[in-house]
Amino acid sequence: MTTSRRVPVFDLDGTLLDSDDALERPFVALGVRREDIRFGEPVAEACRRLGVPVEAYVGGYDPALSRPFPGVLELLELLERWAVCSNKHPVAGYADLARWGWAPEVALFSDAFGWADKELGPVLDELGLGADDVLYVGDSPHDRAVAERAGVAFAVAGWNQRAAGLGGGIVLRDPVELLELLE
């Protein structure tokens, strides 16, 4: 294990997990067109926008369809402390964590934010750290905005092909590259 100055906080879907298919399938099964699905928005907001009951969406979510991106398992084994901050429904989020045997120090999902957009403040509070002590890793402009609102440094999970083109700032091509940023 590595002891680091900074603690990484990760978005879950599209960052640690290659989960696009797992996120889309329940919506499609409920009659939503794939082109109407957006990644990263709070689950309750997405369901409301798409006219789908949250319970029906979560009931159709299958964590077996999600897989860690290459290098993520190795990275997480090297970290002493890490956290998750996600707009995902907690039932689905905790199912994903359990499936991979992951135990972040803090894992906050959509319910922790009143079913609204995620915020890093509550994660920092639970970790007992300030904005300069963490690095948020995500896969979207939305994640970058979450980090900016909290005054937290941000790195793009460029190992996700969808995020690789996001550019601007720090773009990681391999999960293990993150270790250099934590020193």
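In table form, for the structure just shown:
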| quantity | calculated |
| --- | --- |
| Student exercise, the stretch 1-69 dipole from Lys, Arg, Asp, Glu Cβ charges, in Debye to nearest 20 | 220 |
| Dipole-positive endmost among Ala164, Pro122, Leu178 within the chain (Cβ charges, Cα centre) | Ala164 |
| Length-normalised contact order of the stretch 20-59 in % [C-alpha pairs under 8 Å, at least 6 apart] | 40 |
| Net charge, Arg6 excluded, C-beta distance under 13 Å - Lys, Arg +1, Asp, Glu -1 | -3 |
| Surrounding net charge for Gly40, when Lys and Arg each add one and Asp and Glu each subtract one, Cβ distance under 12 Å | -3 |
| The stretch 81-128 versus the stretch 164-183: alpha-carbon centroid distance in Å | 21 |
| Label-to-label distance, nm, for residues given as Arg67 and Asp117 (7 Å Cα→Cβ offset) | 3.3 |
| For the chain, share of DSSP beta bridges that run antiparallel, in % to the nearest 5 | 10 |
| Extension gain (nm, one decimal) between Glu74 and Ala103, 0.36 nm per residue minus Cα-Cα | 9.0 nm |
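Read-outs throughout are calculated quantities, based only on the coordinates presented, and are distinct from any laboratory measurement. Predicted, not measured: the structure shown is a model, and the values here were computed from it. Counting neighbours? That spans all protein chains shown, and the Cβs are built from the backbone with ideal geometry, glycine included.
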